[in-house]
Amino acid sequence: MEFVIKISQFLLSLSLLIVLHELGHFIPAKAFKTRVEKFYLFFDVKFSLFKKKIGDTVYGIGWLPLGGYVKISGMIDESMDTEQMAQEPQPWEFRSKPTWQRLIIMLGGVTVNFVLALIIYIFASFFYGDTDISAASFQDGYHIHNPLLKDLGFKTGDNVVAVGDVKVENYFDIKGNIIGAESVTIKRDGVEKTIQFPEDFLGQLSTSKDRSLFEIRRPFIFGKVRDSSLNKNTDLKEGDVITGVNGEKIKYFDQFKPVLDSLKGQVVTVDVLRGKEEFKTKLQIDDKGEFGFIATGSYNMYEELGYLSITRKKYSFGESFGVGYNKFINQITSYWDQLGAIFSPSTGAYKGVGGFKAIFDIFPDTWSWEAFWGITAFLSIMLAVLNLLPIPALDGGHVMFLLYEMISGRKPGDKIMEYAQMVGFFILIALVLFANGNDIYKAIFN
């Protein structure tokens, strides 16, 4: 069921973004009386799942979910229709239109993606507001589990004061600014200390089996019993909090491991908190140093138990415009910084580039419209920025040649455009193979 929820969100978001992006090309093309031969969601290699011709345009759904396209008459694109281009230009063709009209048609897709992201951020700010966790509410710092962070000098219990030059006021300030940061300032035992990241930190993190960073220290809240557990007949209920073992009080989940490891194979007495009631019960520890339980919990539960403080902000409709715009600009800036890191080999960030599985993994395994729209807005910006790259097979490549034509007054020859399109196509295929190859590599070796 969890897979169905994730794949449903993934396909819905992807389909929405593709259709709207292509609609961004379609509408100005039609407005300038340019013939659009095809409008497709996904690629129709050899055959289509659905197609219907209305007017001059065939609308359809392909079987290969790697994107979508509109085929515009008289345009050298991924279809490489050289037969059409060999004929005399017709008034309804793309190549017969003024340069400024062709530029608007090519920029239509990314424009729609940017506008969509902005609209989502504005309305999400109004409907959902902002929810974060006050950094000051973490009394005993963060849990550091990743060996990479431990090797750099971070320890469980460290409080994060700043990421780079950005002061940390809320928990998500850390994850939102960690990419591209050169250092993190922590407070340990009342003393501030700055720890520098190596230049290839992102590369090391991407190839690490453990990609956790500064994790919230949480209580041990009982969820359910594993099939292999020695405690199948336990009287614990979901939501019970285990607070101690053999009389030793234990506050955080990460503190249980060393205690249980020292008591392998033994029956112990545990302290349990159920609501406001406290009681004791007996549990068996297996030879792995575990009770055989699956822990549960949520930020709201942690807040009720006094482990953190959630900050909630609501905005009026008018305020949402400013808040949404700031989120939009910050996300573009952040993603641009990520691209800069990826194209700088010394950072090793290219090792973290992912394909469709990486995008699929972003979506939660429970349905949340708030999460769905937030991820869709991010993906819309990602799609727009990537399409603006000056690679001939992308919108940015076409824009590059159109700008050259406008500045020089000379139109590149069809042969040059055909060769450029072929080169761009192979570059795109290489990038797709690399990104999805990274996904496969991580799935096998990490």
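Okay, here's what the table says:
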quantity	calculated
Among the residues listed as I5, I27, the single one being within 20 Å of the chain's Cα centre (by Cα) and among the hydrophobic types (A, V, I, L, M, F, W, C)	I5
Test: residue in the range 64-80 that is open to solvent by 30 Å² or more (accessible area, probe 1.4 Å), of a type in the set (D, E), out of contact with any helix residue (DSSP H, G or I) (no Cβ under 7 Å at 6 or more places or on another chain) and at pLDDT below 90	no
Qualifying residues in the range 391-432 (those that are touching a Gly at 6+ places or on another chain (Cβ under 9 Å) and in a helix (DSSP H, G or I)) - the one most open to solvent (accessible area, probe 1.4 Å)	V432
Tally, over the range 361-383, of residues that are crowded, with 18+ Cβ neighbours inside 10 Å and within 20 Å of F434 (Cα to Cα)	3
Residue check for Q196: open to solvent by 30 Å² or more (accessible area, probe 1.4 Å) and in contact with a Leu (Cβ under 6 Å, 6 or more places away or on another chain)	no
Among the candidates G203, G190, residue that is of a type in the set (G, A, S) and more than 30 Å from T347 (Cβ to Cβ)	G190
Yes/no for I294 being in contact with a Lys or Arg (Cβ under 6 Å, 6 or more places away or on another chain), among the β-branched types (V, I, T) and touching a residue at least 60 places away in the same chain (Cβ under 8 Å)	yes
Test result for F214, in contact (Cβ under 8 Å) with a residue 12 or more places away in the chain, within 16 Å of L283 (Cα to Cα), open to solvent by less than 20 Å² (accessible area, probe 1.4 Å) and aromatic (F, W, Y)	no
Residue match in the range 299-310 (condition: open to solvent by 30 Å² or more (accessible area, probe 1.4 Å), among the polar types (S, T, N, Q) and at pLDDT below 95)	yes
Filter result for V245 (in contact with a helix residue (DSSP H, G or I) (Cβ under 8 Å, 6 or more places away or on another chain) and without any contact (Cβ under 8 Å) to a residue 40 or more places away in the chain)	yes
Extreme residue, surrounded by the most Cβ atoms within 10 Å (Cβ to Cβ), among residues of the range 320-339 that are more than 17 Å from the chain's Cα centre (by Cα) and touching a residue at least 24 places away in the same chain (Cβ under 8 Å)	G324
Any hit, the range 349-367, residues being closer than 30 Å to N387 by Cβ and over 23 Å from the mean Cα position of the chain (by Cα)	no
Pair list, Cβ under 9 Å, 6 or more apart: the range 96-107 residue under 10 Å from E405 (Cβ atoms) and among the β-branched types (V, I, T), other residue part of a loop (DSSP other than H, G, I, E, B) and open to solvent by 30 Å² or more (accessible area, probe 1.4 Å)	T99/K411
Residue among D165, D158 that alone is closer than 27 Å to R312 by Cα and either open to solvent by less than 10 Å² (accessible area, probe 1.4 Å) or among the hydroxyl-bearing types (S, T, Y) (or both)	D158
Selection within the range 233-242 - in contact (Cβ under 8 Å) with a residue 12 or more places away in the chain and either more than 23 Å from Y302 (Cβ to Cβ) or under 35 Å from the mean Cα position of the chain (by Cα) (or both)	D235, K237, E238, G239, D240, V241, I242
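Residues checked against (1) over 26 Å from L16 (Cα atoms); (2) without any contact (Cβ under 8 Å) to a residue 40 or more places away in the chain; (3) assigned to a loop (DSSP other than H, G, I, E, B); (4) open to solvent by less than 30 Å² (accessible area, probe 1.4 Å):
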residue	(1), (2), (3), (4)
N113	no, no, no, yes
F123	no, no, no, no
F126	no, no, no, no
I133	yes, no, no, yes
H145	yes, no, yes, no
K150	yes, yes, no, no
K175	yes, yes, no, no
V184	yes, yes, no, yes
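Here's the yes/no breakdown for (1) in contact with a helix residue (DSSP H, G or I) (Cβ under 8 Å, 6 or more places away or on another chain); (2) at pLDDT below 95; (3) within 29 Å of I133 (Cα to Cα):
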| position | (1), (2), (3) |
| --- | --- |
| K249 | no, no, yes |
| Y252 | no, no, yes |
| Q255 | no, no, yes |
| V270 | no, no, no |
| L273 | no, no, yes |
| K288 | no, yes, no |
| G297 | no, yes, yes |
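The values are calculated or read from the model by the stated rules, or taken from the named source; none is laboratory data. Note that the structure is predicted; figures quoted are calculated from it, not measured. Every residue, glycine among them, receives a Cβ derived from its backbone with ideal geometry; neighbour counts consider all protein chains shown. When the accessible area is computed, the model is the full protein with side chains, heavy atoms only, and any ligands, DNA or RNA have been set aside. Shrake-Rupley method; radii C 1.70, N 1.55, O 1.52, S 1.80 Å.
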